[in-house]
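Just below is one structure, and these are the notes that go with it.
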Amino acid sequence: MHAHARKAFTLVEILIVVVILGILAAIVVPRFTGATEDARIGAFIASLKTYADACEYYNAREGRYPVDGGSGAVPAGMETYVDEDEWTAGTPMGGVWDTEYLDSGVSSAVGVHFNDGTNPGDAVMTLVDERFDNGDLNTGSFQKLSGDRYYYVLAP
């Protein structure tokens, strides 16, 4: 007589595999959640640096910083310095890009205005500041200018 080879898994074997996969998912998924936030912060910082550089370039060529623009709108004269579609699409953190000129207690600044209810709050923006500046939203080059506005200060 020939021994017959098993051709299928038992219910118990399948349940053990499902439990193991569930445990692995419970360990891995929270790590990806944090990675998403880190990626958003990194993308925001990269975009902010790009727009700050564009404002500095504008200042070098025009002899002054860009005018105070409406939140989400490219400031007049900056159309050739930034991609209008990217600027108006908003920031990776939510909110919209904005410039300040002789307003909000600074001579010139570029940053995010969370005028759409997406403000992640000071705790998250302090993480941005820690990676970008000095970790203090009240001092340095990255500051909170008002309740829903966080800016890179080009000229104090």
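Key figures for this structure:
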item: Cβ-defined net charge surrounding L127, 12 Å radius [Lys, Arg +1; Asp, Glu -1]; result: -4
item: Neighbour cut-off at most 13 other Cβ (10 Å), DSSP loop, GluC sites (Glu not before Pro), the range 73-152; result: E79
item: Loop trypsin sites (Lys or Arg not before Pro), the range 40-130 (other Cβ atoms within 10 Å of the site Cβ: 16 or fewer; DSSP); result: R64
item: Mean separation of Cα contacts under 8 Å (6+ apart) over length of the chain, as relative contact order %; result: 17 percent
item: Net charge dipole size for the range 11-155 [Lys, Arg +1 and Asp, Glu -1 on Cβ; Debye, nearest 20]; result: 300 debye
item: 0 to 90° range, to nearest 10: angle between helix 122-132 axis and the chain longest Cα axis; result: 80 degrees
item: Net charge over other residues, Cβ less than 12 angstrom from the Cβ of G140 (K, R count +1; D, E count -1); result: -3
item: Local electrostatic count, Y65, Cβ distance below 10 Å [Lys/Arg +1, Asp/Glu -1]; result: -3
item: Rounded tilt (10° steps) of 11-62 against the dominant C-alpha axis of the chain; result: 10 degrees
item: Residue among V124, G70, Y151 farthest towards the positive dipole end of the chain, charges placed on Cβ; result: V124
item: Gain on full stretching of the segment that runs from R64 to S104 - 0.36 nm per residue minus C-alpha separation; result: 12.6 nm
item: Shape of the range 58-156, Cα gyration tensor, a/c cut at 1.5; result: oblate
item: Expected 222 nm ellipticity per residue - DSSP helices of 4 or more, -39500 (n - 2.57), all of the chain, to 500; result: -15500 deg cm²/dmol
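Just so you know, all these numbers are worked out from the coordinates, no wet-lab data involved. No experiment lies behind these values; they were computed from the predicted model shown. No Cβ is skipped: glycine too gets one built from the backbone with ideal geometry, and neighbour counts run over all protein chains shown.
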